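The values are calculated or read from the model by the stated rules, or taken from the named source; none is laboratory data. Computed from a prediction, not measured in an experiment: that's the story for all the values here. Counting neighbours? That spans all protein chains shown, and the Cβs are built from the backbone with ideal geometry, glycine included.
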Amino acid sequence: MFSFGFQRRGLVLNYLNIKHTNNEWVFNIQKQLIKFSKLTKMELPKGYSYIKATKEHSRTAQDIIFTVLKEYNFLPDLEGADADLVNLETYYGKGWFGLIINELSIPVGAFGLHPLEARTCKIRKMYLLPDARGKGLGKWMLTFMIAKAKELAFNRIELETASRLESAVHLYRELGFKQQRSENTTPACDLVFYKDLNES
């Protein structure tokens, strides 16, 4: 038996326990590819791309997110709810943080996946600037993070949001997130959602 991996659309898959018998080998690969294609069937809108952020992108992420927060009359708080944006690599090192880039190479969106427990992660800082909305980017980011969470071996995703962000709430429900009765940890948020990844 042996293992190998390959990268496609930014995600790495590892196949384990593959036998030398050709028929068995092909079967296992195809099984994984089918599952993978379902997770990532959405393509980014034309002209847009994404990058994995590093600590050097921390200020860029702040600019995007704080612009949106102010749009909805929320106050940025780098010493509290937004402390994760001071150094993205420190906070999201075992998770993932990305930026959406437009056709002019300008960052217009941000999205993060932060580990909470051994098998639970949390979506944080998923925002798009006004000019990038209405193009399917929000749905792409959420679909990407579901796939990324599975790749990182999480089996549950949680997120907090504000009820006034009606389009975001609708999107979460559309992609299978369920509302739970739980005390939120972010002052500006009044709703908590979760998705059990083993169910999809």
Quiz item: Is there a residue being assigned to a loop (DSSP other than H, G, I, E, B) and over 19 Å from Glu174 (Cβ atoms) anywhere in region 130-149?
Solution: no
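Restricting the search to region 127-146, which residues are under 12 Å from the mean Cα position of the chain (by Cα) and surrounded by fewer than 20 Cβ atoms within 10 Å (Cβ to Cβ)?
Scanning region 127-146 gives Lys139, Thr143.
Report yes if Ile101 is of a type in the set (Val, Ile, Thr), surrounded by fewer than 20 Cβ atoms within 10 Å (Cβ to Cβ), at pLDDT 95 or above and within 17 Å of the chain's Cα centre (by Cα), otherwise no.
Considered against the rule, which asks whether it is of a type in the set (Val, Ile, Thr), surrounded by fewer than 20 Cβ atoms within 10 Å (Cβ to Cβ), at pLDDT 95 or above and within 17 Å of the chain's Cα centre (by Cα), Ile101 comes out as yes.
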Quiz prompt | Test: residue in region 113-132 that is in contact with a His (Cβ under 7 Å, 6 or more places away or on another chain) and among the charged types (D, E, K, R) | solution = yes
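Per-residue answers, yes or no, for (1) of a type in the set (Asp, Glu); (2) outside the structural domain of Leu142 (by TED's automatic domain parsing); (3) surrounded by fewer than 17 Cβ atoms within 10 Å (Cβ to Cβ); (4) at pLDDT 95 or above:
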position: His20; (1), (2), (3), (4): no, yes, yes, no
position: Ile29; (1), (2), (3), (4): no, yes, yes, no
position: Ile34; (1), (2), (3), (4): no, yes, yes, no
position: Lys70; (1), (2), (3), (4): no, no, yes, no
position: Phe74; (1), (2), (3), (4): no, no, no, no
position: Glu79; (1), (2), (3), (4): yes, no, yes, no
